[in-house]
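Everything on this sheet refers to the single structure shown next.
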Amino acid sequence: MRKLTSLASSLVMAFASAGCSGEEPGTLPAAQQALATPDTTALEYSGSGRWFQFGQAANPTLPWPAFELKSFSARIDYQAPAAEVQMDRIQVVEPDRARPAPVPQRVVQVVTGTNAWNMATPAGAAPGAAPAPQPQPAAVEERTMEIWTTPHGFLKAAAANNATSKAVEGGSEVSFTVDGTHRYVGRINARNEVERVQTWIDNPVLGDTPVELAYSDYRDFGGIRFPARIVRTQGGHPVLELTVSSVVKNPKLDIQVPDAVRSFSPPPVTVAVEKLAGGVYYLKGGSHHSVAIEQADHVVVVEAPLDDSRSSAVIAKVRETIPNKPIRYVVNSHVHFDHSGGLRAYVAEGATVVTHEMNRPYYEKAWAAPRTLNPGRLANARPATFETFAEKHVLTDGRRSIEIHRLAGNGHNDAFAMVYLPAERILIEVDAWAPLAPNAAPPPSPSPFAINLYENIQKLKLNVRQIAALHGPRLATLDDLRSAIGPAPAGGQ
Ligand SMILES: [Zn+2]
């Protein structure tokens with residue numbers, strides 16, 4: 001009986017929200033009418049919840065790490081189209097994981113048409129300096145997706161892109177393709193609400209990466225119906241969980257492209273070579289470095305960061321520096337996407353991936369995913385071959401040994417490797433510690449990641465002379481690391 005009553009009342013609600021147009025409940029036209037889509041040209045919604053850092057899981061079996069989202073607001077102009085998202089967030093420190101003390105972050109992300117930028121205080125600026133636009137051309141695809149996956153954006157894009165509808169239990173499934181590339185599939189329920197939207201965006205590790213939006217608890221926010229609960233997942237784990245507290249229909253928005261963004265062209269990908277020892281080359285020139293090591297009849301590259309374009313430039317520089325030897329191995333420090341996005345380019349070259357055993361199944365699954373959005377030159381890449389390890393692995397040509405050690409117990413990642421060359425006494429590491437630029441202010445307290453790195457060096461009795469960090473402006477010494485972590489902790493053995 002209760003069931004019947006609630007069914008009856010939901011039908012009444014559906015009819016009420018569909019108005020007197022006679023549109024059949026659960027269909028695209030009914031939802032467009034119920035959510036007042038045609039006369040909603042802009043929206044602002046705000047709230048709080050959690051944000052998660054995509055591609056930065058602490059190990060490949062865990063979800064993306066959480067940040068508390070103290071405030072969130074999105075201002076969307078559906079006509080431009082343009083959007084500005086503002087977030088105040090701070091990382092959640094898990095009780096069982098030593099992380100540096102989290103720092104509150106204010107993030108302002110903007111997109112209009114084919115331009116994207118952040119408003120941020122420039123690196124190295126004095127505290128309190130005014131935020132300035134920082135071009136983010138690689139973010140256009142994702143931020144555009146965020147516009148067309150909102151309930152109103154989805155309905156507008158459906159109307160503009162010849163959507164097809166089919167009846168499904170309790171409503172309809174609506175699908176369409178934007179610009180011939182990005183496919184959107186959404187579900188409209190019997191209350192004429194967009195309750196789910198799916199799409200896919202490109203990622204160097206995951207290929208066509210699924211993005212799913214779940215909208216629930218629709219309410220009337222001062223004359224506009226909007227979900228009070230939004231959950232967005234990307235690559236299978238949440239990236240946003242938002243409780244919406246206010247919605248403004250048709251706010252006045254005027255998002256203009258700053259000159260610095262309009263005139264920006266991305267700098268070419270460059271690779272600078274610094275010889276560290278006979279046959280050992282530090283490959284810098286970007287935000288993420290690599291090291292190439294020449295063996296008797298092949299080359300070992302440590303780290304394949306970012307994406308295919310970085311890998312292509314590094315591989316070309318390796319060929320130029322060490323001619324006529326194939327790259328037989330690529331060593332991977334950890335699964336974070338900015339450190340693994342270039343691996344497939346080496347797989348396509350025939351290199352074996354050397355990584356911690358926890359990472360292998362993750363890469364195998366990720367690299368088997370479809371790559372229709374950005375096939376690139378790797379479309380027909382051969383299946384990857386791996387050499388994995390739990391604690392230690394050695395690559396040798398009979399003359400030079402390359403030791404790969406697990407960085408055990410490091411809060412940054414659980415399947416984390418560093419590389420040591422015992423003859424040259426060179427340590428290669430990343431994300432455990434990065435040397436600072438000469439004039440940079442040190443952090444208020446030493447990073448537990450750096451302390452753990454030092455402890456691992458001591459425990460493994462590595463006689464380190466130089467540290468080639470794969471982030472940072474310069475080569476460092478063990479003394480530099482020691483002074484960065486401060487005095488030895490009391491009671492240490
Ligand atoms: Zn990392």
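Quick rundown of the values:
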{"quantity": "Nitroxide proxy distance, nm - points 7 Å out along Cα→Cβ at Thr477 and Ala441", "calculated": "2.8"}
{"quantity": "Stretchable slack from Thr114 to Glu320, in nm (0.36 nm times residue separation minus alpha-carbon distance)", "calculated": "70.6 nm"}
{"quantity": "Karplus 3J(HN,Hα) series, Hz, for the stretch 446-457 with 6.51 cos²θ - 1.76 cosθ + 1.60 (x for Gly, Pro)", "calculated": "x, 6, x, 5, 5, 4, 4, 4, 4, 4, 5, 4"}
{"quantity": "The chain: relative contact order in percent, alpha carbon pairs under 8 Å with at least 6 residues between", "calculated": "12"}
{"quantity": "Size descriptor, Kirkwood hydrodynamic radius, that averages inverse alpha-carbon separations across the stretch 252-314, Å", "calculated": "14.2"}
{"quantity": "Residues with amide H under 5 Å from that of Val299, placed H, sequence gap 5 or more", "calculated": "Ile327, Arg328, Tyr329"}
{"quantity": "Burial order of peptide ranges 281-288, 361-368 (average beta-carbon count within 10 Å, highest first)", "calculated": "281-288, 361-368"}
{"quantity": "Projected label distance in nm at Asp254 and Ile90, using a 7 Å step from Cα toward the beta-carbon", "calculated": "3.6"}
{"quantity": "For the stretch 415-464: span of alpha carbons on each principal axis (Å, largest first)", "calculated": "34, 22, 19"}
{"quantity": "Accessible-area ranking of His336, His412, largest first, probe 1.4 Å", "calculated": "His412, His336"}
{"quantity": "Phi to ³J(HN,Hα) by Karplus 6.51 cos²θ - 1.76 cosθ + 1.60 over the stretch 33-48, Hz, x for Gly, Pro", "calculated": "6, 5, 8, 6, 5, x, 9, 9, 9, 8, 8, 10, 10, 9, x, 8"}
{"quantity": "Stokes-Einstein translational diffusion, the stretch 218-301 - Kirkwood Rh over all Cα pairs, 1.002 mPa s, 20 °C, in µm²/s", "calculated": "112"}
{"quantity": "Along each principal axis, Cα extent of the stretch 252-401, largest first, Å", "calculated": "68, 35, 29"}
{"quantity": "Isotropic mean projected area of the C-alpha convex hull, the chain (nm²)", "calculated": "27.2"}
{"quantity": "Efficiency of FRET from Cβ geometry, Val140 and Ser175, R₀ 25 Å, rounded to 0.05", "calculated": "0.65"}
{"quantity": "Size-normalised alpha-carbon gyration radius of the stretch 428-489, reference 2.2 N^0.38 Å", "calculated": "1.03"}
{"quantity": "Convex hull of the stretch 77-165 built on C-alpha atoms - directionally averaged projected area, nm²", "calculated": "9.0"}
{"quantity": "Cα-based shape type of the stretch 32-97, given that a ≥ b ≥ c are square roots of the gyration tensor eigenvalues and the cut on a/c is 1.5", "calculated": "prolate"}
{"quantity": "With Cα atoms, 0 to 90° folded angle of helix 308-321 axis to the chain main axis", "calculated": "20"}
{"quantity": "Computed log₁₀ I(q)/I(0) - Debye formula, equal Cα scatterers, no solvent, the stretch 366-493, q 0.12, 0.18, 0.23 Å⁻¹", "calculated": "-0.58, -1.01, -1.37"}
{"quantity": "The stretch 108-248: projected area of the alpha-carbon convex hull, averaged over directions, in nm²", "calculated": "10.8"}
{"quantity": "For the stretch 466-473, 3J(HN,Hα) per residue [Karplus equation, 6.51 cos²θ - 1.76 cosθ + 1.60, θ = phi - 60°, Hz, x = Gly/Pro]", "calculated": "10, 10, 9, 6, 8, 10, x, x"}
{"quantity": "Other-chain or far-sequence residues with amide H under 5 Å of Ser71's (modelled H)", "calculated": "Asp88"}
{"quantity": "Values of log10 I(q)/I(0), in the order q = 0.22 Å⁻¹, for the stretch 264-351 under a Debye, Cα-only, solvent-free model", "calculated": "-1.05"}
{"quantity": "Degrees, to the nearest 10: 151-160 long Cα axis against longest axis of the chain", "calculated": "80"}
{"quantity": "Nearest-0.05 FRET efficiency for Ala277 and His237, computed from C-beta distance (R0 45 Å)", "calculated": "0.65"}
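The values are calculated or read from the model by the stated rules, or taken from the named source; none is laboratory data. Predicted model only: the values in this text are computed from it and were never measured. Please note: Cβ atoms are built from the backbone with ideal geometry, for glycine as well, and neighbour counts cover all protein chains shown. To get the accessible areas, we keep the full protein, side chains included, count just its heavy atoms, and leave off ligands, DNA and RNA. Shrake-Rupley method; radii C 1.70, N 1.55, O 1.52, S 1.80 Å.
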